[in-house]
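Input: a single structure, listed below in structure tokens.
The values are calculated or read from the model by the stated rules, or taken from the named source; none is laboratory data. Keep in mind the model is a prediction, meaning the values are calculated, not measured. Please note: Cβ atoms are built from the backbone with ideal geometry, for glycine as well, and neighbour counts cover all protein chains shown.
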Amino acid sequence: MTAVIGILNKNAIAIAADSAVTVSSSNGRKIYNTANKIFTLSKFHPVSIIIYNSANFITTPWEIIIKIYRDELNDKSFPKLKNYSEDFFAFLKRKKFFTTPETNSHYFKSFLYHSFDNLTKLSVEKAIEDKIDLIPLSEDERLTIYKGNALDILNYQTLRAKEEDKLEDFKKLTKKKFNELTKKDIDDIFTEEFPDFNTVQIKKIFMEFVFQYIKSKTFFNSWTGLVFAGYGETEIYPVAISTKISDVFDDKIRFYTDSIEEIDDGNDGSIMPFAQRDVIDTLISGISPEINDTLFSTFNKFLNGYNEHLINLLKESQPKLAKKLEKIDINDICNQFIQEVEEVKLVKHIRPTVNTVSILSKEDLSEMAESLIYLTYLKRRISSDEESVGGPVDVALISKGDGFIWIKRKHYFEEKYNPHFINNYYKK
């Protein structure tokens, strides 16, 4: 995992990232504190790209992709930052996504297998949660229960996938086209790996689920956050564009723009945390997100329990009052409570912090960005949580006048031993 942040005002944008990367294998998980997550997107213009979550696009490291793009871009510039983002994704397509059709096919089959394998495990867990005594049942009887649970879970997941916002490039994907591309792979998965679940009904719903998933903004496979930050030629204030990208299907990239933050006269300060953002959100909002969620659910449960207790007390002596209490909308009261708490957070914490950010100098912006990443690391360090944020904190500052400036940067080599690298860096 990782912690990444961008802090913007009219003076500049400060970006910071830790160096931790988690590698999973059959032997377990290991954390390395050597990852680079901040890169210049252009050697000649004030534009950067930050990565978080997965370090690879399918099988190719993002660092390689970014540096090949940077060389191809050379000294070319665009009027808007969004043009750099659009050109970058067009570049991925031109380069055939840095993969092969065979690799894409293998990647998709792996997704199908792991999705249905996870479904079978969930169906067994549901049977146990429902307190069904499976031991005296025959294998066929147990399988019947598992199939029924699998159908219930699939129907639920398909409904959720249908309700998700759709990826722009996949809105026109038809069921006919999807079936042409996937039917053989799905048939093979069921025949070879899950013969016990190979029924017409389950397969049909599973295909519908995958169809809806491919079109949705939900990513079950590994995915990467790409944050473009800096200035286009015509932009005098910084811009940050957050995108999420997963994989390739039907020769199209599954990606979408998550958010765009533009500094202007109506928005002169912003804090944009990504990935592990719980500590930063706590500092900004004044309350831990985890405690915040628990507070609302506990309040709802408390009110419902208290109201039910009053109804039981009054049922015999004052039945009319008891009926009135039954009609009280507890959820509406809880929503009012949530709105009040959110207003307090906004007025007392969020707005004052953002207002302060809007007047910070360049030096203060970079110091704040580094400090927030370090606080996230410190929280992981002193708790029982896995130390998935750590290592040196890389910090950069991008301004319209001075361009991209490294404030702090780790490197795998010493510059004094590699003068050729420095000499060749800006050669076109």
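Table for the structure above
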item: Answer from Leu151, Leu137 - the residue that is at pLDDT 90 or above, hydrophobic (A, V, I, L, M, F, W, C) and over 30 Å from Glu261 (Cβ atoms); result: Leu151
item: Tally, over segment 253-286, of residues that are surrounded by fewer than 18 Cβ atoms within 10 Å (Cβ to Cβ), in contact with a Lys or Arg (Cβ under 7 Å, 6 or more places away or on another chain) and not in a strand (DSSP E or B); result: 2
item: Filter pass, Lys162 being basic (Lys, Arg), over 16 Å from Ile253 (Cα atoms), surrounded by 12 or more Cβ atoms within 10 Å (Cβ to Cβ) and over 22 Å from the mean Cα position of the chain (by Cα); result: no
item: Test result for Asn307, within 30 Å of Ile245 (Cα to Cα), free of Cβ contacts under 8 Å to residues at least 24 places away in the same chain and over 19 Å from the mean Cα position of the chain (by Cα); result: no
item: Selection count where residues are among the acidic types (Asp, Glu) and at pLDDT below 95, scope segment 73-93; result: 1
item: Matching option when the condition is out of contact with any strand residue (DSSP E or B) (no Cβ under 9 Å at 6 or more places or on another chain) and in the same structural domain as Leu397 (by TED's automatic domain parsing), among Asp250, Asp258; result: Asp250
item: Within segment 178-203, tally of residues that are surrounded by 12 or more Cβ atoms within 10 Å (Cβ to Cβ), in a helix (DSSP H, G or I) and among the charged types (D, E, K, R); result: 6
item: Entirely in segment 1-105, the strands (runs of 3 or more DSSP E) that have 2 or more residues that are in contact with a Pro (Cβ under 8 Å, 6 or more places away or on another chain), touching a residue at least 24 places away in the same chain (Cβ under 8 Å) and among the acidic types (Asp, Glu); result: none
item: Test set (1) surrounded by 14 or more Cβ atoms within 10 Å (Cβ to Cβ); (2) modelled with pLDDT under 90 - Ile128 fails condition number; result: (1)
item: Residues of segment 310-348 satisfying the condition of being among the β-branched types (Val, Ile, Thr) and within 44 Å of the chain's Cα centre (by Cα); result: Ile328, Ile330, Ile333, Ile338, Val341, Val344, Val347
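Per-residue answers, yes or no, for (1) modelled with pLDDT of 95 or more; (2) in the same structural domain as Lys80 (by TED's automatic domain parsing):
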position: Leu365; (1), (2): yes, no
position: Met368; (1), (2): yes, no
position: Arg380; (1), (2): no, no
position: Ile407; (1), (2): yes, yes
